[in-house]
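Worksheet: one structure, shown below.
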Amino acid sequence: MRTVKFKISGMTCGNCASRIGKHLSSKDGIRNNKVSYASGEGEFTFDPDIISKEEIKNIIDRETHYNVVGEIGNEARANTHFDLIIIGGGSAAFSAAIKAEGLGLSTLMVNAGLDFGGTCVNVGCVPSKNLIRAAETAYHSKHSNFPGLKPKGVDIDFQSVIKGKKELVSSLQQKKYIEVVSDFDNLVLLKGFAQFVDNKTIIIDGTDKYTALKFIIATGSTTKVPEIAGLANIDYLTSESLFDMEEQPESLIVLGGGYIALEIAQAYHRLGTKIVLLQRSKNVLSRLNPEISEELLKHLRNEGMEIHTGIDFEEASENESGIIVKTRKSGKPLLFEADKILVSTGTKPNTYNLGLEKIGLETEKSNHVKVDDHLQTSHSNIYAAGDCINTPAYVYTAAREGRIAVENAFSGTDFKIDYSSLPWVVFTDPQIAGTGIDEAEAIKMNIPFEASRIELKDIPRAIVANDTRGFIKLIRNKETDMLIGARIVAPEGGELIQQLSMAIKYGIGIKELSEDMFPYLTLSEGIKLAAITFGKDISKLSCCAT
């Protein structure tokens with residue numbers, strides 16, 4: 001028996017994969033097959049005395065109306081030397097591969113763990129935001145900001161919600177990753193675990209060796225599990241496993257208070273799961289100014305979420321009734337119980353078992369790959385990008401880094417990425433968004449600063465919407481009047497942050513923001529009002545006056 005793997009284009013859903021599999025199962029000589037819409041691949045075990053792999057390809061092309069676009073693994077084995085080898089299969093890796101194709105570089109992308117597409121599309125941004133929006137719909141079906149409107153709620157079919165999420169993930173994984181590179185002439189995709197043999201050679205799954213002129217490490221990150229007695233012995237969930245559960249947990253303990261934990265906790269709470277969120281530090285979102293944490297917690301608790309901060313963990317255990325977590329707060333013992341437990345306590349870089357120590361490649365104390373401003377590692381022919389390096393961990397920063405790494409490696413450039421105006425968003429409700437520096441960072445940098453803060457209760461759009469949760473804060477350099485930072489807590493606040501990021505990047509001052517014309521009864525008008533607040537009391541102004 002032999003096995004062949006093909007890349008297959010044209011599939012639009014899981015049913016397409018099923019149709020291909022059923023059709024091939026009826027052919028003599030094919031003993032087993034596995035076709036995946038998510039990965040865009042088909043694996044076929046066949047008897048070469050009865051049918052050849054060429055005949056299998058022709059059956060797919062001519063009889064199923066889908067197309068084989070390449071054999072997986074065969075190209076790599078025929079060619080063991082490349083211009084570029086990319087280790088990883090997420091946003092940074094695909095961005096690097098797209099740039100490499102544009103430069104005409106022969107490229108091998110080798111990926112293990114998550115499917116091609118990485119964290120964002122498979123277990124991160126896409127599934128979480130889909131569930132957040134579904135939960136938001138459920139919440140608004142039961143809650144109204146307006147007297148006289150009494151919503152009656154909605155029937156939640158949790159299994160259908162999760163199945164819809166899975167279909168979306170599969171569709172985007174196929175369309176935005178696999179199909180994007182399916183017609184590349186110079187790219188080979190290979191599944192397997194790569195390790196460095198030396199700084200010019202890797203070995204995949206301990207068997208096949210490949211060499212390259214340059215390498216990019218883009219292996220991403222994974223959940224960092226805290227050291228809590230007993231936790232390793234229980235069936236805990238991470239975002240990867242939680243999002244695939246079609247049976248809704250009645251209750252869920254969420255360990256962590258970062259943005260991932262908060263987004264998931266609120267979404268599942270709104271979908272009807274009883275949430276208990278436990279956070280070790282005093283504040284959730286502990287890296288941000290406490291005023292942000294306090295504002296967000298007020299609104300989450302108003303929704304009925306149970307949140308405990310400043311918790312010392314003693315032991316986690318599991319019995320036939322569910323999960324038990326023993327803790328202390330200010331010396332007082334507290335016991336929490338739930339059906340399931342989610343570990344969402346931050347991430348760690350996927351740099352283990354890559355053989356980095358074997359080649360003497362430098363890493364940081366956090367185990368992130370150490371790179372310079374040009375994304376070059378301690379080996380001049382090896383670069384790194386994405387969550388495996390200690391830069392802001394967002395899908396859009398990873399994509400930029402992947403592209404820049406290829407350009408710097410092969411085009412003789414020395415591009416640096418400026419993160420000083422980087423916009424970011426936490427997709428809770430209200431959302432939290434920021435760009436630039438906050439007051440604490442300004443103090444550390446010895447920048448003379450001044451901040452203005454306007455509550456949403458003073459912004460006309462929020463007033464007429466009867467939703468005045470949050471605030472907009474601007475931070476300026478007092479000597480130059482330049483905007484140096486912004487923090488927003490507001491419903492859909494993430495939609496405001498890009499214009500403030502652009503203001504920082506292109507040197508638009510507070511005076512210009514205060515004098516510009518913003519459309520009335522939009523939330524963005526709050527930016528103008530916050531800018532005016534540096535010099536005027538807006539309560540003394542009429543609605544549209546400046």
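Cross-link reach is defined here as a Cα-Cα straight distance under 15 Å, omitting same-chain residues fewer than 8 places apart; for Lys7 the aspartates and glutamates meeting it are Glu41, Glu43, Glu54, Asp61, Glu71, Glu75, Asp115, Glu179, Asp183, Asp185.
Here the ratio of the Cα radius of gyration of region 2-72 to 2.2 N^0.38 Å is 0.96.
The count of lysine pairs in region 424-540 whose Cα atoms are under 13 Å apart, excluding pairs fewer than 8 places apart on the same chain, comes to 5.
Region 502-521 and region 339-362 have Cα centres separated by 42 Å.
Highest mean packing comes first when the peptides 401-407, 509-515, 85-91, 263-269 are listed by Cβ atoms within 10 Å, giving 85-91, 401-407, 263-269, 509-515.
Between Asn381 and Tyr352, what's the calculated FRET efficiency when r is the beta-carbon distance and R0 is 30 Å? Round to 0.05. Kindly include the intermediate steps, with their values, before the conclusion.
Details: r = 22 Å, r/R0 = 0.73.
With a Förster radius of 30 Å, E is 0.85.
The alpha carbons of region 376-464 occupy a box of 56, 32, 20 Å along the principal axes, longest dimension given first.
The C-alpha radius of gyration of region 424-540, expressed as a fraction of 2.2 N^0.38 Å, stands at 0.99. Note on Gln159 and Glu337: the extension gain reaches 61.7 nm, defined as 0.36 nm multiplied by sequence separation minus the Cα-Cα distance.
Dimensions of region 231-344 based on its C-alpha atoms, expressed as ranges along the principal axes with the largest first, amount to 40, 33, 22 Å. The lysines within cross-link reach of Lys370, meaning a Cα-to-Cα straight distance under 16 Å and a gap of 8 or more places when in the same chain, are Lys348, Lys358, Lys416.
With only alpha-carbon atoms in the gyration tensor, what are the semi-axes of the equivalent ellipsoid for region 154-193, in Å, largest first?
Calculated on Cα positions only, the semi-axes equal 33, 12, 4 Å.
Distance from a point 7 Å along Cα→Cβ of Glu294 to each backbone N in region 252-267: keep the residues under 20 Å and list them by number. 257-258, by backbone N distance to the label point.
Along its first, second and third principal axes, ordered by size, region 1-147 spans 75, 41, 24 Å in Cα coordinates. Residues whose amide H lies under 5 Å from that of Leu334, counting only those 5 or more places away or on a different chain, are Thr327, Arg328, Lys329; hydrogens are built 1.01 Å from N in the peptide plane.
Rounded to the nearest Hz, the phi-derived 3J(HN,Hα) couplings of region 327-336 under the Karplus curve 6.51 cos²θ - 1.76 cosθ + 1.60 (θ = phi - 60°) are 9, 9, 9, 6, x, 8, x, 9, 10, 10, where x marks glycine and proline. All other residues whose Cβ lies under 11 angstrom from that of Thr119 are scored, Lys and Arg at +1 and Asp and Glu at -1, for a net of -3. Bridge orientation summary for the chain: considering DSSP beta bridges with both residues in this region, about 65 percent are antiparallel. With the convex hull of its Cα atoms as the shape, region 255-307 has an orientation-averaged projected area of 3.2 nm². If you take every residue apart from Lys358 with its C-beta less than 15 Å away from the C-beta of Lys358, what net charge results, scoring Lys and Arg +1 and Asp and Glu -1? Net local charge, Lys358 excluded: -1.
In this structure the amide hydrogen of Thr363, modeled in the peptide plane, comes within under 5 Å of the amide hydrogens of Lys370, none closer than 5 places in sequence on its chain.
Ignoring lysines fewer than eight residues from Lys332 along the same chain, the ones with Cα atoms less than 16 angstrom from its Cα are Lys282. When only alpha carbons are used to place a centre, region 119-152 and region 394-431 end up 29 Å from one another.
Taking only the C-alpha atoms, wrap a convex hull around the chain and report its volume per residue in Å³ as a whole number.
On the way: hull volume 105.9 nm³, N = 546.
Output value, Cα hull per residue: 194 Å³.
When the C-alpha to C-alpha distance is required to be over 28 Å, the pairs from Lys34/Lys129; Lys150/Lys298; Lys165/Lys298; Lys165/Lys326 that qualify are Lys34/Lys129; Lys165/Lys298; Lys165/Lys326.
Each residue of region 21-34 was assigned a 3J(HN,Hα) from its phi angle through the Karplus curve 6.51 cos²θ - 1.76 cosθ + 1.60 (θ = phi - 60°); the sequence is x, 5, 5, 5, 5, 7, 8, 4, x, 8, 8, 7, 8, 9 Hz, with glycine and proline shown as x. One quarter of the convex hull surface built on the alpha carbon atoms of region 202-298 amounts to 10.5 nm², the projected area averaged over directions. Once you reduce region 202-255 and region 307-334 to the center of their Cα atoms, the two points are 24 Å from each other.
No value in this document is a laboratory result; all are computed from the given coordinates. Only a predicted model underlies this, so the values are computations on that prediction, with no experimental measurement involved. Note that we place each Cβ from the backbone using ideal geometry, even for glycine, and neighbour counts take in every protein chain shown.
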